[in-house]
Amino acid sequence: MLTQEQKTIFGKPSYYISFLAVALPSRSAPTFCELPVASMIIAEGFVTQSWFQNKI
């Protein structure tokens, strides 16, 4: 069970990920969903590093 704080933190990203996943073709949606979730968990992947470099 999520606390109210966890619901607030996970609410916005999950809304946008779900919204964009529906807009994508069905074969691309799983890959798209994996990218943001993996980037939140692991900070060492090549996709995550490229996102961090673009923001700095």
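The values are calculated or read from the model by the stated rules, or taken from the named source; none is laboratory data. Just so we're clear, the structure is a prediction, and the values are computed from it rather than from any experiment. Here the Cβ positions follow ideal geometry from the backbone for every residue, glycine too, while neighbour counts run over all protein chains shown. What goes into the accessible areas is simple: the full protein's heavy atoms, side chains included, and nothing from ligands, DNA or RNA. Shrake-Rupley method; radii C 1.70, N 1.55, O 1.52, S 1.80 Å.
Pairs, please: C-beta under 8 Å, at least 6 apart or cross-chain, first residue free of Cβ contacts under 8 Å to residues at least 40 places away in the same chain and over 20 Å from Glu34 (Cα atoms) and in region 1-23, second open to solvent by 100 Å² or more (accessible area, probe 1.4 Å) and not hydroxyl-bearing (Ser, Thr, Tyr)?
Leu2/Phe10
As an exercise: evaluate Ser50 against (1) at pLDDT 80 or above; (2) open to solvent by less than 70 Å² (accessible area, probe 1.4 Å) and give the number of the one condition it does not meet.
(1)
Could you count how many residues in region 1-47 are among the β-branched types (Val, Ile, Thr) and either within 11 Å of the chain's Cα centre (by Cα) or open to solvent by less than 60 Å² (accessible area, probe 1.4 Å) (or both)?
Number satisfying all stated conditions: 5.
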